[in-house]
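The values are calculated or read from the model by the stated rules, or taken from the named source; none is laboratory data. On a predicted model such as this, the values are computed, not experimentally measured, just so you know. No Cβ is skipped: glycine too gets one built from the backbone with ideal geometry, and neighbour counts run over all protein chains shown.
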Amino acid sequence: MCSNYGIQNKDPNGPMYFNGVYHLFYQYNPNGSRWGDIIWAHSVSTDLVNWIRLEPALSRTAPFDIKGCWSGSATILSVNQPVILYTGANTENQQVQNMAVPKNQSDPFLREWIKSDHNPLIRPIGDLNPRQFRDPTTGWLGPDGLWRIAVGAELNGHGAAILYKSEDFVHWNRTEKPLHYTNSSHVWECPDFYPVSYERNRGLDPSAPGSGKEKHVLKMSIEVPGKDFYIIGRYDEEKDIFVPDNEIDDYWMWPRLDFGRYYASKSFYDSNKGRRILWGWSDECDNSTDDVAKGWAGIQAIPRSVWLDGTGKQLIQWPVEEIESLRTNAVYVQDTGLKSGFRLEVNVTDASQADLEVDFSLPNLEDAESFNSSWLADPEGLCGTQNVSWRGVIGPFGLLVLASDTLDEFTALFFRIYRDQNKYMVLMCSDTTRSSLREGMDKPTYGGFLDIPHLVRKRKLSLRTLIDHSVVESFGGGGLGCITSRVYPMALVNGSTHIYAFNYGSAPVSMTNLTAWSMRKASVNQKSS
């Protein structure tokens with residue numbers, strides 16, 4: 001979802017499902033395509049696919065938000081009352097936490113919002129950096145009947161999620177200890193905290209009584225390097241702290257939601273289908289001159305369902321099922337061998353807007369190259385040095401998408417497999433270095449290692465890729481690894497792009513199944529009447 005005018009290249013805010021309607025707010029500049037003058041835009045949908053654009057929900061109108069209505073979350077209170085908490089940049093450039101409620105709750109679209117007379121509800125006092133204190137989470141009820149929220153902060157120069165408690169969602173008290181903190185990074189932005197289910201496509205209501213054994217996810221966005229990291233652990237309700245399963249205090253070693261261009265994510269519990277849905281922002285890789293010319297910058301990535309994998313150590317993400325309603329003109333390829341150097345074109349009707357699901361079979365795992373543990377420190381760098389042209393044993397194999405007629409432009413999505421004593425390491429990469437002949441844009445490689453529990457037993461590896469012109473979103477290993485890329489091939493101008501399955505490794509692989517669909521256009525940013 002992109003903006004017709006202004007900037008939508010910032011954070012998704014306050015997603016929620018209320019009275020039959022999905023709401024998504026997002027950071028928006030009504031005065032141009034660059035960052036600044038931030039307010040809250042508002043779009044609604046009944047199916048997460050087709051969206052209606054409403055008038056902005058929050059604008060800079062008061063001393064507590066006159067310099068920006070920054071990120072925040074929505075909470076449905078016990079009396080079925082939707083509430084927004086958001087960060088305002090005040091007249092002194094301090095970041096304070098504010099509240100807004102619908103003006104008319106009987107309006108199905110909740111078009112107008114009223115700011116609380118109590119604003120600001122929370123100020124950055126004491127040891128908190130007043131310019132690094134933002135992005136309140138969705139609230140949750142504790143067993144004591146008190147509401148809780150976390151706010152991203154910088155505490156003593158390091159990242160933290162500061163916990164607050166309230167009886168009425170208006171008057172808040174800071175707890176003695178943070179929900180969690182680190183000594184390895186600066187401020188945490190856009191924190192997200194929620195219980196997570198082991199069941200596919202199932203979510204947990206953070207305010208519903210649990211068994212006490214549920215795993216929780218704490219996600220934080222770290223501006224440098226511009227990635228979303230997460231930790232899995234346990235929420236100690238008595239002490240009001242998050243206890244990670246893995247005590248490593250080094251954010252570079254924490255899992256990432258997405259190895260690519262994906263930031264400031266925000267999830268919500270979808271009471272309509274009992275699942276947790278994740279939104280994320282993907283900014284541009286071209287230059288700011290292009291942004292000004294087209295009048296907008298940045299998109300919201302496809303919403304994803306989120307749950308816990310069977311090991312309890314990592315998240316699985318998958319495009320929401322509603323996206324499949326856009327599929328058309330399916331193409332099937334089954335039981336096809338990909339010998340070394342082989343490339344097979346996938347003849348979809350529209351290769352610039354497509355959805356592909358591929359299952360690869362790997363009969364020769366034992367031949368994999370040896371793994372070097374130093375690669376763990378920089379998998380993206382490894383994807384760059386061992387790029388799609390670097391011939392290994394098992395890999396690279398995968399997909400070439402948005403390829404030009406002469407293959408002088410393409411984006412490569414691929415795997416490599418290495419042997420590490422008694423296990424195998426899977427490297428997933430997106431190589432955009434040859435994605436466009438245009439100059440003056442960022443064309444990086446992205447990637448990371450995947451932990452695939454069933455690889456040795458099943459000897460199979462899956463890849464799903466969604467293509468929407470300049471956006472390529474890939475899900476490897478059934479959603480255990482995700483990469484979002486932004487690319488701008490000149491071939492898109494004349495509509496002539498192609499998709500290929502390929503194997504450039506020396507060992508053969510095969511495709512047990514490939515299904516590809518062209519995708520119809522969703523109705524996006526239709527203005528309400």
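At a glance:
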item	result
Test: residue in segment 40-49 that is at pLDDT 95 or above, over 21 Å from TYR269 (Cβ atoms), more than 18 Å from the chain's Cα centre (by Cα) and part of a loop (DSSP other than H, G, I, E, B)	no
Selection within segment 134-153 - over 16 Å from HIS171 (Cβ atoms) and either crowded, with 24+ Cβ neighbours inside 10 Å or not assigned by TED's automatic domain parsing to the domain that holds GLU189 (or both)	ARG134, ASP135, THR137, THR138, ALA150, GLY152, ALA153
Index of the failed condition, ILE299 passing every other in (1) surrounded by 16 or more Cβ atoms within 10 Å (Cβ to Cβ); (2) on the phi > 0 side of the Ramachandran plot	(2)
ASN201 vs. criteria touching a Lys or Arg at 6+ places or on another chain (Cβ under 8 Å) and outside any strand (DSSP E or B)	yes
Residue satisfying condition, being in contact (Cβ under 8 Å) with a residue 60 or more places away in the chain, surrounded by fewer than 16 Cβ atoms within 10 Å (Cβ to Cβ) and within 18 Å of PHE397 (Cα to Cα), within set THR445, THR512, THR432	THR512
Strands (runs of 3 or more DSSP E) enclosed by segment 204-284 - at least 3 residues per element that are in contact with a His (Cβ under 7 Å, 6 or more places away or on another chain)	227-236
Filter pass, ASN347 being in a strand (DSSP E or B) and either not assigned by TED's automatic domain parsing to the domain that holds SER197 or not β-branched (Val, Ile, Thr) (or both)	no
Enumeration of residues in segment 125-151 that are within 21 Å of VAL187 (Cα to Cα), modelled with pLDDT of 95 or more, of a type outside the set (D, E, K, R) and assigned to a loop (DSSP other than H, G, I, E, B)	PRO136, THR137, THR138, GLY139
Close pairs from segment 83-107: first outside any loop (DSSP other than H, G, I, E, B), partner of a type in the set (Lys, Arg), Cβ under 6 Å, at least 6 apart	THR87/ARG134; ALA89/LYS67; GLN95/ARG134; VAL96/ARG123; ALA100/LYS115
Options GLY226, GLY260, GLY212, GLY233; residue that is under 21 Å from SER73 (Cα atoms) and in the same structural domain as LEU163 (by TED's automatic domain parsing)	GLY226
